[in-house]
Amino acid sequence: ALISLRQLLDHAAENNYGLPAFNVNNMEQVQAIMQAAAQVDSPVILQGSAGARSYAGEPFLRHLIAAAIEMYPHIPVCMHQDHGATPGVCFRSIQSGFSSVMMDGSLLADGKTPSSYEYNVTTTKQVVDLAHACGVSVEGELGCLGSLETGKAGEEDGHGAEGELDHSMLLTDPDEAADFVRKTQVDALAIAIGTSHGAYKFTSKPSGKVLRIDRVKEIHQRIPNVHLVMHGSSSVPEDWLAIINQYGGDMGQTYGVPVEEIVEGIKNGVRKVNIDTDLRMASTGAIRQHLAQDRKNFDPRKFYKEATKAMQAICAARYEAFGSAGMA
Ligand code: G3H
Ligand code: 13P
Ligand code: ZN
């Protein structure tokens, strides 16, 4: 059944678990996420980005999610719009039936220039007023995602601010978060604590702690009733990276967010964990491997099936690790 983000995350908070929110662009991703959820009995957040809407087209995206809900009536599904760059984008998604929208007012409408705090409050509040009147939840964002080492937002395929960021933007301020929530009434808040979008998050293997969990704790204490969201939370699986490069790919050496650190975040108030890159890599790796190993095949269903299986395994592992397995 379709459910709002607020309802899903309230349940997660009451039961101390977190939920992965997977980006979806096509049928295989939706099927992988749903098959894994059915396998481990987890609720689901399916999110569509602007990129997904331009890839699949809004009606296809909407009907793919509708198909998931029809096929798995016992699983609660939140249909979430990821990174709305303007209130207009969010209003359109509300109109088309999304049960939750993200107004990302941390950046201007171009999706890459950091905005002023006042701009963020005004645009986010505009969306909350309308969304709540429609029973739709709203996620806001405060702070800019980027590496705490380099001050850069995720590179290449990452979504986010461009160029070097002022260091103070890279960590969400707890007092400002409290003020933001009071003024906007958002249901969920994406925070900056050292993650970044895309595959190129860390250049060396994280040996210690890469995330500022102390900051998560402080923010959670200030706004205990708002669900915290971690974007840029792919773990960049080393095995799939190796397979991609073994079968003709050319991805640079890179590391993601260790699952154990996400679990620490969940213990301290994180309820929604955004993951896109991990499924992209599993899918690309599985397809490259299949095509290299079965060179006579020209039936796409065979490699799509491998991609689905690879993505499903990652989804199931995240549901288990984040504690949402058994909670549907
Ligand atoms: O936040 C960005 C997500 O990874 C979606 O990426 O805009 O390329 O679909 P996309
Ligand atoms: P990753 O690039 O780490 O998968 O993050 C995805 C995300 O935050 C989507 O909003
Ligand atoms: Zn994001």
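The residue that is farthest from ligand 3 (Cβ to nearest atom), counting only those in segment 254-282 that are small (Gly, Ala, Ser) and crowded, with 24+ Cβ neighbours inside 10 Å, is Ala282.
Quick check: is even one residue across segment 266-286 part of a strand (DSSP E or B), within 16 Å of ligand 2 (Cβ to nearest atom) and basic (Lys, Arg)? Taking every residue of segment 266-286 in turn, at least one turns out to be part of a strand (DSSP E or B), within 16 Å of ligand 2 (Cβ to nearest atom) and basic (Lys, Arg). When segment 109-125 is filtered for residues that are more than 16 Å from ligand 1 (Cβ to nearest atom) and either among the basic types (Lys, Arg) or buried (at least 17 other Cβ atoms within 10 Å of the Cβ) (or both), the ones remaining, listed by number, are Ser115, Asn120, Val121, Thr123, Thr124, Lys125.
Among the residues of segment 93-102, not a single one is aliphatic (A, V, I, L, M), crowded, with 24+ Cβ neighbours inside 10 Å, under 22 Å from Asn23 (Cα atoms) and out of contact with any Gly (no Cβ under 6 Å at 6 or more places or on another chain). Residue pairs whose Cβ atoms lie under 6 Å apart, sitting 6 or more positions apart in sequence or on different chains, and linking a residue in segment 256-276 that is under 16 Å from Glu320 (Cβ atoms) to a partner that is within 11 Å of ligand 2 (Cβ to nearest atom) and aromatic (Phe, Trp, Tyr), are Ile275/Phe22. Screening the candidates Gly194, Gly163 for the property of being among the small types (Gly, Ala, Ser) and out of contact with any helix residue (DSSP H, G or I) (no Cβ under 9 Å at 6 or more places or on another chain) yields one hit, Gly163. In summary, helices (runs of 4 or more DSSP H) completely within segment 1-92 and bearing 1 or more residues that are closer than 18 Å to Asp187 by Cα occur at 5-14.
For segment 187-234, enumerate the residues that are more than 13 Å from ligand 2 (Cβ to nearest atom), over 18 Å from Val138 (Cα atoms), polar (S, T, N, Q) and modelled with pLDDT of 95 or more. Gln221, the sole residue that qualifies. Can you say whether Val216 is in a strand (DSSP E or B), among the β-branched types (Val, Ile, Thr) and within 19 Å of the chain's Cα centre (by Cα), as far as the supplied structure shows? So Val216 does not fit the description; no. Taken as a whole, the structure leaves Val138 outside the set of residues that are assigned to a loop (DSSP other than H, G, I, E, B), away from ligand 3 (no atom under 14 Å from the Cβ) and among the aliphatic types (A, V, I, L, M).
Would you call Thr124 outside any helix (DSSP H, G or I) and either more than 15 Å from Leu189 (Cα to Cα) or hydroxyl-bearing (Ser, Thr, Tyr) (or both)?
So Thr124 fails the test.
Restricting Ile69, Ile45 to residues that are β-branched (Val, Ile, Thr), modelled with pLDDT of 95 or more and surrounded by fewer than 24 Cβ atoms within 10 Å (Cβ to Cβ) narrows the list to Ile69.
All conditions in (1) in a helix (DSSP H, G or I); (2) in contact with a helix residue (DSSP H, G or I) (Cβ under 6 Å, 6 or more places away or on another chain) hold for Glu176, with the sole exception of (2). Annotation: of all residues in segment 136-170 being modelled with pLDDT under 85 and within 16 Å of the chain's Cα centre (by Cα), the one that is surrounded by the most Cβ atoms within 10 Å (Cβ to Cβ) is Ala153.
The values are calculated or read from the model by the stated rules, or taken from the named source; none is laboratory data. These figures come from a predicted structure and were not determined experimentally. Every residue, glycine among them, receives a Cβ derived from its backbone with ideal geometry; neighbour counts consider all protein chains shown.
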